[in-house]
Every structure is written in structure tokens, then in C-alpha cells.
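Remarks on the structure that follows.
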Amino acid sequence: MNILVAKTPADAEQIAYTLIKERLAGKREFVLGLATGSTPVGMYKMFKQDQLDCRHVTSVNLDEYIGLAPSHPQSYYHFMEERLFNDVPFKESHLPRGDAKDPDAEAERYEQLVRSIGVDLQLLGIGENGHIAFNEPGTALDAKTHVTALTESTREANRRFFNASEEVPTHAITMGLDTIMNAREIVLVATGDRKANAVHHMIESVPSVDWPATILQAHPSVTIVLDTEAASQCAQALQARGSEAAARFFSIRS
Ligand code: PGA
């Protein structure tokens, strides 16, 4: 894991955006895995401000709520259109269909699609309980794209996007941990102190289903971009690594 720690959330977003921009530059084709939630919003603004050319880029999103049609204001399809796709044209964009009649069949279709096109770089956030995409604690580490029940803590965390608690969907289709691990490169961004405990486990705990993000320790090309608050429970571990991470942690922080 390459771990970078920036002073502020905006600095972390800038670092991650710049890394993605560098990877896209000069490529004839690129498959970019995208995420929803609050973490990538600042980065998507940077895509827009820069008018980043993504006409050669195919995007695949991590997940979608079951029961919400693409036109639903809280669907991830709608989120992506509003935050990015309406302003930055991509070659093609893919998300699971939340309104599919047979969600299991839709998960299978999406898995095949993602496998067949192959993700060059997957952008990730992390949940407070250590989930990545909607792979909640307890999810098998070799899970493929599947239908999952959302935990109450995840539904509560996402409640802010809905008018009422009961409107928050109970299930989603999500890329599995194995699907995500198949990406050639992964960039995970976490900011704010509410992510500090999950980040601590992701970096320092033995990989287990209790903290799904721990699986990233086994990926050959992962960059974790944090701000100082999200890194606050890892300072000793970063120092102990004696690595570039520690050097950056202290130089950027001071
Ligand atoms: P957030 O969610 O970006 O809204 O914090 C991240 C996640 O739950 O994966």
C-alpha cells in the first residue's frame, strides 16, 4: 500500500484527482471505476473545472440501490449524471440497474460486463464500518457482484440524502470484493475523523471479513490518500513503516 497523507480534505482530493488525470493522459482507451457518496464529489468538480477529456474513457460504477430507477433523484445513476456525466462526456458509462426485475440476474450480468472490459483504475471511498462499495462486514472476501442487504449503520449514514429514514433502500447491487480486487490499480480516498477507525483497521488489522477494506492490503497496486484527520489513528504505524508514507505524513503535516 502506498499511503499519502495530505493536510486537508481538499488537498487529498487534489492528490487523488491528479493521479487519475495522469493515468488517463495519453491513453487511447481507459476503463475507470467510479464511486458515489460524498468522498468523490470534490474530485468530480475538478474533472468539470478542468474540462478533463474523458471521451476515450469507459466508466463503471461500483454499486446501485435496488428499487430505484435511474431517473430516481437518489439513485446512483442520477448522482453520477448530476455530479459528472452531464458536464464531462465519457465514451460509455455503466452502472447496475437498480430497477431490474431480477436483481440477482442483474448482478450476474454486471459482473460479466466488468470482468469482460477490465478496470484499469478503481476509485474507492470507505465506510465508517470498513465497507468498500456495499461490501459490508461479513461479506466473503472472494465475493463477486451480488445483491446485499445494507446494515442499519450504512442506511443511517446515507439517510442524509433522503427525505425520511424509511425511504433509504434496504438492498443494493454491489461489485464484490473479488471484483474490486481485479482492477489493475486502486485509489482509495478517506477524509475526516469519522473515517479514522476504519482507516486504522484497513492499514493495520489482519485481513478479515470484519473489516472488508483490509483485503486491499493484498492488492499489488493500491494508493490510499488520506487527510490528517482520517490518518490520525495510524500515525505510529506510518512512522513505523519508515516509508515514504511517514515522510510525507510528517512533511505535509508540518
Ligand atoms: P462517503 O461514503 O463518501 O459518503 O463518506 C463512503 C462509503 O460509504 O463508501
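The values are calculated or read from the model by the stated rules, or taken from the named source; none is laboratory data. Only a predicted model underlies this, so the values are computations on that prediction, with no experimental measurement involved. Methodologically, a virtual Cβ is constructed for each residue, glycine included, from the backbone with ideal geometry; neighbour enumeration extends over all protein chains shown. These accessible areas exclude ligands, DNA and RNA; they are computed on the full protein's heavy atoms, side chains included. Shrake-Rupley method; radii C 1.70, N 1.55, O 1.52, S 1.80 Å.
A few points about this structure:
- Residue match in region 106-120 (condition: under 30 Å from SER205 (Cβ atoms) and within 16 Å of the ligand (Cβ to nearest atom)): no
- Conditions (1) away from the ligand (no atom under 16 Å from the Cβ); (2) under 20 Å from VAL168 (Cα atoms): number failed by ASP11: (2)
- Residue selected from region 34-51 under the condition more than 12 Å from GLY125 (Cβ to Cβ) and crowded, with 17+ Cβ neighbours inside 10 Å, by the criterion nearest to the chain's Cα centre (by Cα): TYR44
- Exactly one residue out of THR148, THR154, THR179 is crowded, with 18+ Cβ neighbours inside 10 Å, outside any loop (DSSP other than H, G, I, E, B) and within 11 Å of the ligand (Cβ to nearest atom): that is THR154.
- Index of the failed condition, THR139 passing every other in (1) more than 29 Å from HIS72 (Cα to Cα); (2) surrounded by 16 or more Cβ atoms within 10 Å (Cβ to Cβ): (1)
- Residue in region 217-239 that is farther than 25 Å from ARG23 by Cβ and in contact with a Lys or Arg (Cβ under 7 Å, 6 or more places away or on another chain) present: yes
- Of the residues making up region 191-222, those that are of a type outside the set (A, V, I, L, M) and outside any helix (DSSP H, G or I) number 10.
- Number of the condition not met by ASP63 [criteria: (1) touching a residue at least 40 places away in the same chain (Cβ under 8 Å); (2) open to solvent by less than 20 Å² (accessible area, probe 1.4 Å); (3) away from the ligand (no atom under 14 Å from the Cβ)]: (3)
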